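Step one of this worksheet: look at the structure below.
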Amino acid sequence: MIWNRKHLLDIESLSAEEIGLVLDTARAFKAVGERAIKKVPALRGKTVVNLFVEPSTRTRISFELAEQRLSADIINFTAEASSLKKGETLKDTARNLEALNADFIVIRHSASGAPHFLARFLSSSVINAGDGAHEHPTQALLDTFTIREHKGKIAGLNVTILGDILYSRVARSDIWALTKLGAKVTLCGPSTLVPRVFEQMGCRVSHNVDEAIREADIINLLRIQHERQRQTMFPSLGEYSSLFGLSKARLAQTKPDVLIMHPGPINRGVEIDSEVADCGRSVILQQVTNGLAVRMAVLFLVNGGKGPQELAGGPVIVSTVPA
Ligand code: CP
């Protein structure tokens, strides 16, 4: 399997083999991260712009660390301090970044399709770091990486995604990745946030949380995305929490080896009890750790890296693409 994509825009257009190649490459990069010298020259001489036009903690910081570990030159674009505030368009902003020889643009934007739009006219590689309610491909890659690391496989697992599915880009990317890799995906939450139309993506839809989590191997929780909701989708946070929150009592009814996942940021006491978030079955912080290796793998592959075979056995990675 050879990676031959210039951009990473979504999971929907990837094959199961391409997803597997990213996960295998990420596993090799995780091993690199355990060496005394964690930095490699794969992106030496390349410039990466982190164009975050929407807030982020985990994705922005792990992309930046991944770029540092790959020896890239890095520009962090801050929307609040930019000429976007003076009315410059996203297209003009991106073309100016390209005029400064940006090789890669990592973009987070509140508008669904913003990365695809840039990829239409830029010669730089574009990596989607989350676009509106559309997709968050590197989150799905780190989620599947974390599941595979713990369970040894994805195919055949019961994965329940619980919460605000309708407004979640993580849910869409996870659904694409998990179903392509053969998992059985159940979506659960209030009917206003989990409409039956999602069955068309190959998922089961349930509005009964106790039933949806009983046989789950993985419970992936999502917060309520108030920033994208245009109307009230349920009566109150307290009611949401009692009907759909993952409490200690609910966790006691699940499989003993169930994994608790959450992309963050978590809202303690709403979709997840604080004790559950911090319990031994929670891999929430391991997801963050794995995000670094996954983002290194993505940058490496879109730069022309061939795969994990290039990383085996040595401290130095040299991409086949000249710097
Ligand atoms: N999971 C995630 O995208 O978190 P951030 O918004 O903090 O990047």
request  = State all residues of the range 13-51 that are more than 16 Å from GLN68 (Cβ to Cβ), in contact with a Ser or Thr (Cβ under 8 Å, 6 or more places away or on another chain) and outside any helix (DSSP H, G or I); if no residue qualifies, say none.
outcome  = LEU51
ask   = Of the numbered conditions (1) in the same structural domain as SER241 (by TED's automatic domain parsing); (2) assigned to a loop (DSSP other than H, G, I, E, B); (3) surrounded by fewer than 23 Cβ atoms within 10 Å (Cβ to Cβ), ARG148 satisfies every one except a single condition; which is it?
value = (2)
task = Give me a count of the residues in the range 189-210 that are outside any loop (DSSP other than H, G, I, E, B) and under 20 Å from LYS255 (Cβ atoms).
result = 4
ask   = Among LEU84, LEU51, which is the only one that is surrounded by 16 or more Cβ atoms within 10 Å (Cβ to Cβ), within 22 Å of the chain's Cα centre (by Cα) and either within 16 Å of the ligand (Cβ to nearest atom) or not basic (Lys, Arg) (or both)?
value = LEU51
inquiry  = I need the full set of residues from the range 87-117 which are within 16 Å of the ligand (Cβ to nearest atom) and outside any loop (DSSP other than H, G, I, E, B), in order please.
reply    = VAL106, ILE107, ARG108, HIS109, ALA114, PRO115
message = in contact with a helix residue (DSSP H, G or I) (Cβ under 7 Å, 6 or more places away or on another chain) and either closer than 25 Å to VAL170 by Cβ or surrounded by fewer than 16 Cβ atoms within 10 Å (Cβ to Cβ) (or both): is that true of THR93 in this structure?
response = no
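The values are calculated or read from the model by the stated rules, or taken from the named source; none is laboratory data. Predicted model only: the values in this text are computed from it and were never measured. Note that we place each Cβ from the backbone using ideal geometry, even for glycine, and neighbour counts take in every protein chain shown.
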